[in-house]
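First the structure, which I've put down as C-alpha cells, then a few questions once you've had a look.
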Number of protein chains: 2
Amino acid sequence: MTDGHESAPTGVRRTTRQRTAVSSALAETGGFLSARDLHDRLAAQGERVGIATVYRTLASLASTGEVDVLLRDDGESVYRRCSSAHHHHLVCRECGRTEEVTGPTVEAWATAEAERHGFRDVRHTVEITGICATCTL
Amino acid sequence: MTDGHESAPTGVRRTTRQRTAVSSALAETGGFLSARDLHDRLAAQGERVGIATVYRTLASLASTGEVDVLLRDDGESVYRRCSSAHHHHLVCRECGRTEEVTGPTVEAWATAEAERHGFRDVRHTVEITGICATCTL
DNA sequence: GTGAACATGAGAATCAGTATCAACTAGCGC
DNA sequence: GCGCTAGTTGATACTGATTCTCATGTTCAC
C-alpha cells in the first residue's frame with residue numbers, strides 16, 4: 001500500500017478510448033450499474049475494455065464526484081452518473097428505479113446529533129428503499 | 001436455489017453449544033465484530049465453532065433482530081448485539097467506537113419523501129460517521 | 001430410548017475487487 | 001511526422017468474504 005506500480009501519477013489524466021467508453025456507457029444508462037454490468041454492456045457493444053480498467057475508471061470517476069457509488073445490500077458496489085450536489089437516493093427494491101432526494105432536514109439532524117456526541121468531520125449516508133408506484137400495480 | 005439441503009426448516013430453532021457460544025461472545029463485546037473476528041475470538045476461548053456456523057448463526061440472529069448488521073465500506077459485514085428498537089449508528093472512522101442514535105425527524109422525513117414519490121413499504125438506513133472526541137485529541 | 005428433523009464443519013466453490021507487470025499509447029517537445 | 005516517457009491497459013493471479021456441499025453429529029418431541 002506504500003508505493004505500488006500504478007501509483008505516483010503526476011496529476012495528468014489522459015483521455016483514452018476505454019475511459020471514454022466507460023463514461024458514455026454510464027451516461028447512456030440512467031440507473032445504477034455494477035462494474036460487471038458495465039463491463040458486459042461494453043462487451044456487447046463491441047468495446048473491449050478489461051474489467052480491471054472498468055474498476056479503475058469507476059474509482060477515478062467516483063473520486064472526482066462524476067459518478068455516485070452505492071454499496072448494495074449484497075456488498076456489490078453500483079455506480080451512476082450523478083449530479084455532484086450532495087443528495088440521497090430513493091431506490092425501488094423491485095425494479096431498481098432510483099430517485100434523487102435532498103433533505104436539509106436530515107443534513108441538519110445528522111450534524112447536530114454527531115456534535116452532541118462530540119464527533120467531528122461528520123459524513124453521512126442515507127438510503128431509502130421501497131416499492132415504487134409502478135411496481136405496486 | 002429452489003430447494004437446497006439446509007432449507008425447509010419447519011420453524012424449530014434448536015439450542016446448541018455453538019449458537020450459545022456465538023451469542024454470548026457477541027454479548028460480551030460491546031462493539032461491532034465481523035464474522036472472522038468472532039470466529040477468532042471463539043477459537044481463542046477454546047470454543048471450536050466452524051466459520052460456516054458462525055455465519056449461519058449470525059444470519060439467523062440478524063433475521064430475528066437480535067443482532068444488528070452493518071455493511072462496512074470495505075464490503076465486510078459487522079455484527080453487534082443490539083437493542084431491537086429501530087435506531088441508527090454514529091461510528092468513529094478512527095477507532096470504530098459506535099453510538100446509537102434515534103431520529104424521529106429522519107424517520108418522518110424518509111417516509112414523507114418516499115410517499116411523495118409514490119413509494120410504498122419504505123425502509124431506510126442512515127449511517128453517520130465522524131471522528132469521535134477521543135480520537136480528535 | 002428412538003428417530004427424524006435440524007445443525008455442524010471441513011473444505012470446495014463463488015464472487016467482487018485488487019495487485020502484478022509487460023506491452024501499449026496519449027500527448028508533449030521538437 | 002518522430003521520438004520519448006509517464007500514464008494506461010489488460011490478462012491473469014490473487015485475496016478475502018461469504019456461501020454451498022454433504023457426510024456426520026445433536027437435539028428434542030414422543
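We did not get these values from a lab; they are worked out from the coordinates using the rules stated. Predicted model only: the values in this text are computed from it and were never measured. Cβ sites come from the backbone with ideal geometry, for glycine too, and all protein chains shown count toward neighbours.
Would you tell me the mean number of C-beta atoms belonging to other protein chains that fall within 10 Å of each C-beta in A:100-107, as a whole number?
Values: counts 0, 6, 1, 6, 1, 8, 9, 0.
Partner Cβ neighbours, averaged per residue: 4.
Something else about it: Does the protein assembly as shown classify as rounded, prolate or oblate by the C-alpha gyration tensor (a ≥ b ≥ c root eigenvalues; a/c under 1.5 gives rounded; else a/b over b/c gives prolate, otherwise oblate)?
Details: a/c = 1.42, a/b = 1.36, b/c = 1.05.
It comes out rounded by the Cα gyration axes.
While we're on this one: Three principal axis extents, largest first, for the C-alpha atoms of the range A:77-137, in Å?
45, 24, 20
Given the rule -39500 (n - 2.57) for each run of at least 4 DSSP H residues, summed and divided by the residues of chain A, what is its mean residue ellipticity at 222 nm, to the nearest 500 deg cm²/dmol?
-11500 deg cm²/dmol
Between residue B:29 and residue A:28, what FRET efficiency comes out of the Förster formula 1/(1 + (r/R0)^6) with R0 = 51 Å and r the beta carbon distance, rounded to 0.05?
On the way: r = 47 Å, r/R0 = 0.93.
After rounding, the FRET efficiency stands at 0.60.
What dipole magnitude, in Debye to the nearest 20, does the protein assembly as shown give about its Cα centre under +1 on Lys/Arg Cβ and -1 on Asp/Glu Cβ? Write down the numbers at each step before the final one.
Details: 32 positive and 38 negative charges, 112 e Å.
In total the dipole reaches around 540 debye.
Rounded to two decimals, what ratio of Rg to Rh does chain B give with C-alpha atoms and a Kirkwood Rh? The partial results should precede the final answer.
Working: Rg = 17.7 Å, Rh = 17.2 Å.
Computed over Cα atoms, the ratio is 1.03.
Going by average Cβ density within 10 Å per residue, which order do the peptides B:77-83, A:120-126, B:12-18, B:27-33 take, highest to lowest?
Listed from highest to lowest mean packing, they are B:77-83, A:120-126, B:27-33, B:12-18.
Still on this model: What number comes out for the charge environment of residue B:32, summing +1 per Lys or Arg and -1 per Asp or Glu over other residues with Cβ under 9 Å away? All intermediate terms of the calculation are to be shown ahead of the outcome.
Details: positive: B:72, B:80; negative: B:37, B:68.
Net of charged neighbours comes to 0.
Evaluate peptide B:50-58: per residue, the Cβ atoms of other protein chains within 10 Å of its Cβ; return the mean as an integer.
Details: counts 0, 0, 0, 0, 0, 0, 0, 0, 0.
Taking all residues of B:50-58 together, the mean is 0.
Suppose every Lys and Arg Cβ carries +1 and every Asp and Glu Cβ carries -1, with no other charges. What dipole size does chain B come out with about its Cα centre, to the nearest 20 debye? Spell out each step's value before the answer.
Details: 16 positive and 19 negative charges, 104 e Å.
Roughly 500 debye, rounded to the nearest 20.
Continuing with the same structure: Expressed as a rounded percentage, what relative contact order does chain A have, with Cα pairs under 8 Å and six or more residues apart? Could the numbers behind the result be given before it?
On the way: 133 pairs, mean separation 25.2, N = 137.
Relative contact order for chain A comes out at 18 percent.
Extending each Cα 7 Å along its Cβ direction at residue A:93 and residue B:69, get the distance between those two points in nm, one decimal.
1.2 nm
Residues with beta-carbon under 10 Å from that of residue B:41, excluding residue B:41: net charge, scoring Lys, Arg +1 and Asp, Glu -1?
Numbers: positive: B:36; negative: B:28, B:37, B:40, B:47.
Local net charge: -3.
While we're here: Given points 7 Å out from each Cα along the Cα-Cβ axis, report the residue B:105 to residue B:136 separation in nanometres with one decimal.
Result: 1.7 nm between the two label points.
Something else about it: Tell me, how many Å apart are the Cα centres for the range B:72-132 and for the range A:85-123?
9 Å
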